[in-house]
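Q: Let me give you the structure first, and then I'll get to my questions.
What follows is calculated from the coordinates using simple rules that are stated; it is not laboratory data. On a predicted model such as this, the values are computed, not experimentally measured, just so you know. We place every Cβ from the backbone using ideal geometry, glycine too, and count neighbours over all the protein chains shown.
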Amino acid sequence: MGDFNHGHIQWTSLQSTGREDQEFLNLVQDSFLSQHVLEATRGENVLDIVLSSQKEFVDNVKICEPLGCSDHNQIHFIIKVKGERNRKIRYRKISQRKI
């Protein structure tokens with residue numbers, strides 16, 4: 001997530017006009033990443049992006065008005081990754097013979 005300053009990438013068609021923009025787009029595609037921001041975040045450009053390894057990890061992306069005196073719009077989104085729960089060890093159920 002962040003301001004990557006690759007304003008010449010068309011994320012909906014996955015095309016670009018500049019060499020550096022094309023190299024970045026190739027890197028994203030070669031890494032099998034999904035880009036979730038499809039609306040302009042500064043002027044008419046999509047400069048602020050959210051990348052994930054799976055499309056299902058990011059949901060409900062909304063572009064909102066800039067915060068304070070920033071010239072970049074805010075990006076609100078939900079991360080849908082479940083972490084593993086720490087398993088509690090129940091020492092009473094441990095068999096000392098098996099240890």
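Q: Relative to the longest principal axis of the C-alpha atoms of the chain, give the angle of the C-alpha long axis of helix 19-30, reported between 0 and 90° and rounded to the nearest 10°.
A: Long axis of 19-30 versus the principal axis of the chain: about 30 degrees.
Q: Moving on to the next point. Across the chain, what fraction of all alpha-carbon pairs, as a whole percent, falls in each successive 10 Å bin from zero upward?
A: Histogram of Cα-Cα distances, whole percents per bin: 14, 36, 23, 8, 8, 8, 3.
Q: List the residues whose amide H sits under 5 Å from the amide H of residue 74, counting only those 5 or more places along or on another chain, with H placed 1.01 Å from N in the peptide plane.
A: Those lying under 5 Å, H to H, from residue 74 are 64, 65, 67.
Q: Next up: Using amide H atoms built in the peptide plane, which far-off residues or other-chain residues are under 5 Å from residue 58 H to H?
A: 80
Q: Sticking with this one: So, with +1 on the Cβ of K and R and -1 on the Cβ of D and E, and no other charges, what is the size of the charge dipole of the chain about its Cα centre, to the nearest 20 debye? List each step's numbers first, then the result.
A: Details: 14 positive and 13 negative charges, 383 e Å.
So the dipole magnitude of the chain works out to roughly 1840 debye.
Q: A further question on this structure: How large is ³J(HN,Hα) for each residue in the range 49-60, as worked out from phi by the Karplus curve 6.51 cos²θ - 1.76 cosθ + 1.60 (θ = phi - 60°), to whole Hz, x for Gly and Pro?
A: Rounded to whole hertz, the list is 10, 10, 10, 9, 7, 9, 4, 5, 6, 10, 9, 6.
Q: Quick query: amide H of residue 10 versus all other amide H atoms, modeled in the peptide plane; which residues come in under 5 Å with a sequence gap of 5 or more or a different chain?
A: 15, 16
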